[in-house]
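Any read-out appearing in this document is the output of simple, stated calculations on the displayed coordinates, not a laboratory observation. Predicted, not measured: the structure shown is a model, and the values here were computed from it. Positions of Cβ are backbone-derived with ideal geometry, glycine not excepted, and every protein chain shown enters the neighbour counts.
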């Protein structure tokens, strides 16, 4: 079926949402959600460990189910939707990408910190060779000025990325900052521009609309906000809002609402809302997947999780440095104990 | 004391840092630095320090084999494959600082004694040199089922070679964790952090041990003993805090500050490679000298 779409949406709940459920997705959950999203005409569905291929680890959390089984199950559940996988060079490797492609993944999203695009050429080239659609994913985009972002986006374009995303991993960008970044990328690149938001400051929808207005045509959402931190732009809401704006996504709004209500809500251990910790993620500019790790560390050391997150923000910690959470928590607790003696 | 003659192949950052470290060695006598660009900073420094310099690569060195018995190769993996063959034919002992992995993996405090007569050894990766000693230290108390290391280095200390071949780092380090560290299964993660001023190299080692009981005290003692052994050749190597125990999981937090010879202090990841290479060469030299005396 060919659909007329102005914006192509990638549903990330089965990848970004992995963080929110401690990487405990089952084959059954993934199969049901992927089948529903396919029926609702969602063009791309991302399925991987929250930290991408090879992310199952003590550092980030072990997957309950091997992600390759989840990818295979999702690929087998869809007819029109395409399955996307995320890969962070330094965590995932090329053999894992080959395996994902063999199991039916059609899109590779290669993610680096916003200043480190030059670790991605081999992975983007391999994805191309495998016949996959390629996306360069510049994480923690709030940490670099627009000029730097453009320089790095151009690198990804030169490696063969079909699309380059501004990824607001910390949910820290403000709407005018999104507008500026997307606008300048649009002027400097000839490939598609995408935006991935997080709702930590309740700006995911606003930022997404700003991105679309500035020229982004690839947008990420997570159904029922099933994503790290306070979740992403809520897909079913986004589809409805875009419909009101006369922007075609080709996605069935009613079916999305049903999936959100009947399939995704029961997966969430608690409803997604902006708690004090997720608010601090956006406020301090910290990687959204640190949320649960910081809460666990705070409980272990008897300190306030917000203090950990604020300190991590001050130290300019980047995505993937989850080991810093325990390290910083131990330091804070030592300082607190020292002060009370 | 008799010294053993050595040469450095490659006049980039690593080669130049090696040169400054070798300048201090009591058992190694650096004679020659081999490069391809006479204007490179490394070859200029070598001339200033009074070393012989060769400007056209390995060929001229092979014509004057008396210049050195031990050669440090700090070029590239591709070049090393060729160098390894030529130097083997010339009867030289070679330390490979590239990811070529032609020879066996060596981490000095773990397995140097098994490779005193090897003609080519490989130093794995910076992350491997920093973390494998700790995996081994834990494994020598209690069997390690799984070891995972996370190396975070400053963006400035990751050169274009490392960046373009980042899978090589994770794959080679994982193999080293298993083969040399003794873990049943190994995994490695590398993260580049662009913060300014640049951060010191940090390494976190997460280990799952096997057994009903976790021998915390023995493991801590073994880790601290290993810290001292590594410090004997990398003075800036240290635990950032006490190891953390959680069920059968042990987490060790490390930091590596470079000696600041040629490379800046934050690039402990490069320093630990050059320091380990010099350490291995010194052990080789002592072994050669003792054989001559006996």
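Kindly express, to the nearest 10 degrees and within the range 0 to 90, the angle between helix B:13-23's C-alpha long axis and the longest C-alpha principal axis of chain B.
Computed tilt is about 80 degrees.
Would you give the gap between the C-alpha center of the range B:237-267 and the C-alpha center of the range B:130-193, rounded to a whole Å?
13
Please compute, for the alpha-carbon atoms of chain B, the extent along each of the three principal axes and give them in descending order in Å.
Result, largest extent first: 61, 51, 31 Å.
Within 10 Å of each Cβ in B:250-261, how many Cβ atoms from other chains are there, averaged over the peptide?
On the way: counts 0, 5, 0, 5, 0, 1, 0, 0, 0, 0, 0, 0.
Across B:250-261, the average partner-chain Cβ count within 10 Å equals 1.
Evaluate the relative contact order of the range A:289-340 (contact order divided by residue number), counting alpha-carbon pairs under 8 angstrom at least 6 apart; express in whole percent.
Details: 34 pairs, mean separation 21.9, N = 52.
The value is 42 percent.
How far, in degrees from 0 to 90, does helix B:216-231 lean away from the longest principal axis of the Cα atoms of chain B, to the nearest 10?
For B:216-231 against chain B, the angle is about 10 degrees.
If you take the beta carbon distance between residue B:291 and residue B:82 as r and set R0 to 25 Å, what does 1/(1 + (r/R0)^6) give as a FRET efficiency, to the nearest 0.05?
Details: r = 29 Å, r/R0 = 1.18.
According to the calculation, E is roughly 0.25.
Between residue A:176 and residue B:47, how many nm apart are label points set 7 Å from Cα along the C-beta direction?
5.6
How big is the antiparallel share of DSSP beta bridges in chain B, given as a percent to the nearest 5? Walk me through the numbers before you get to the answer.
Working: 22 of 52 bridges.
In chain B, approximately 40 percent of DSSP beta bridges are antiparallel ones.
Rounded to the nearest 0.05, what FRET efficiency do residue B:39 and residue A:254 give with R0 = 51 Å and r taken as the Cβ-Cβ distance? Could you check? Numbers along the way, then the final one.
Values: r = 70 Å, r/R0 = 1.38.
That pair, residue B:39 with residue A:254, gives E of 0.15.
Could you give the length gained by full extension between residue B:114 and residue B:184, i.e. 0.36 nm per residue of separation minus their alpha carbon distance, to one decimal place? All intermediate terms of the calculation are to be shown ahead of the outcome.
Working: separation 70, 0.36 × 70 = 25.20 nm, distance 2.06 nm.
Residue separation times 0.36 nm, minus the Cα-Cα distance, leaves 23.1 nm.
Take the alpha carbon atoms of the range B:1-136, find their radius of gyration, then divide it by 2.2 N^0.38 Å using N residues; give the quotient. Provide the component values of the computation, followed by the final result.
Numbers: Rg = 14.5 Å, N = 136, 2.2 N^0.38 = 14.2 Å.
That ratio works out to 1.02.
How much length would be gained if the chain were fully extended between residue A:99 and residue A:265, taking 0.36 nm per residue of separation minus their Cα-Cα distance, in nm to one decimal? Spell out each step's value before the answer.
Numbers: separation 166, 0.36 × 166 = 59.76 nm, distance 3.07 nm.
That pair, residue A:99 and residue A:265, stretches by 56.7 nm at full extension.
Using only Cα atoms, tell me the angle between helix B:126-139 and the longest principal axis of chain B; keep it within 0 to 90° and round to the nearest 10.
With both axes taken from Cα atoms, the answer is about 40 degrees.
Out of the DSSP beta bridges found with both residues in chain A, what percent are antiparallel (nearest 5)? Display every interim value, and only then the final one.
On the way: 1 of 34 bridges.
In chain A, approximately 5 percent of DSSP beta bridges are antiparallel ones.
What Rg and what Dmax come out for the range A:259-328 when only alpha-carbon atoms are used, in angstroms?
When restricted to the Cα atoms of the range A:259-328, Rg and Dmax are 13.4, 41 Å.
Within a 10 angstrom radius of each residue's Cβ in A:85-92, how many Cβ atoms of other chains show up on average? Whole number is fine.
Details: counts 0, 0, 0, 3, 7, 14, 8, 3.
Partner Cβ neighbours, averaged per residue: 4.
Return P(r) of the range A:18-141 (all Cα-Cα pairs; 10 Å bins starting at 0; whole %; ordered from short to long distances).
Answer for the range A:18-141: a P(r) of 14, 46, 34, 6 percent.
Sort A:81-92, B:203-214, B:135-146, A:198-209 by packing, meaning the average of other beta carbons within 10 Å per residue, with the highest value first. Let's see the in-between values first.
Numbers: A:81-92: 27.1, B:203-214: 18.9, B:135-146: 21.8, A:198-209: 23.9.
Highest to lowest by the protection proxy: A:81-92, A:198-209, B:135-146, B:203-214.
Note down the relative contact order for the range B:156-202 as a percent, whole number, built from C-alpha pairs under 8 angstrom at least six residues apart.
Numbers: 27 pairs, mean separation 15.5, N = 47.
Here the relative contact order equals 33 percent.
Which value, to two decimals, describes the C-alpha radius of gyration of the range A:73-165 once divided by 2.2 N^0.38 Å?
Working: Rg = 13.3 Å, N = 93, 2.2 N^0.38 = 12.3 Å.
Output field value: 1.08.
Let me see the pair-distance distribution of the range A:289-340: every alpha carbon pair, 10 Å bin width, integer percents in order.
28, 59, 12, 1
In the Gaussian network model of chain A, springs joining C-alpha atoms below 10 Å, which of A:40, A:161, A:230 carries the largest mean-square fluctuation?
Highest fluctuation of the listed residues: A:40.
What three numbers, in Å, describe the spread of the alpha carbons of the protein assembly as shown along their principal axes, ordered from the longest?
Computed over the Cα atoms, the extents are 87, 57, 43 Å.
Antiparallel DSSP bridges in the range B:126-265: what percent, to the nearest 5? Walk me through the numbers on the way to the answer.
Values: 22 of 31 bridges.
Expressed as a percentage, antiparallel bridges in the range B:126-265 total about 70.
Do you know the relative contact order of chain A, to the nearest whole percent, from alpha carbon pairs under 8 angstrom that are 6+ apart? Walk me through the numbers on the way to the answer.
Details: 753 pairs, mean separation 58.5, N = 341.
That works out to 17 percent.
Label residue A:69 and residue A:273 with points 7 Å out from Cα along Cα→Cβ: what is the distance between them in nm?
If labels sit at residue A:69 and residue A:273, their model points lie 3.5 nm apart.
Need one number: nm distance between label points at residue A:62 and residue A:76, each 7 Å from Cα along Cα→Cβ, rounded to one decimal.
Output for this residue pair reads 2.5 nm.
For the range B:61-124 and the range A:117-136, what is the separation of their C-alpha centers, rounded to whole Å?
That distance is 34 Å.
Over all alpha-carbon pairs of chain A, lay out the pair-distance distribution in 20 Å bins, whole %, shortest bin first.
Result returned by the calculation: 34, 60, 6, 0.
What does the average come to when, for each residue of peptide B:91-97, you count the partner chain Cβ atoms lying within 10 Å of its Cβ?
Details: counts 0, 0, 0, 0, 0, 0, 0.
That works out to 0 on average.
Hey, any idea what Rg/Rh is for the range A:237-291, computing Rh the Kirkwood way over Cα pairs? Walk me through the numbers on the way to the answer.
Values: Rg = 15.0 Å, Rh = 13.6 Å.
Reported Rg/Rh (Cα atoms, Kirkwood Rh): 1.10.
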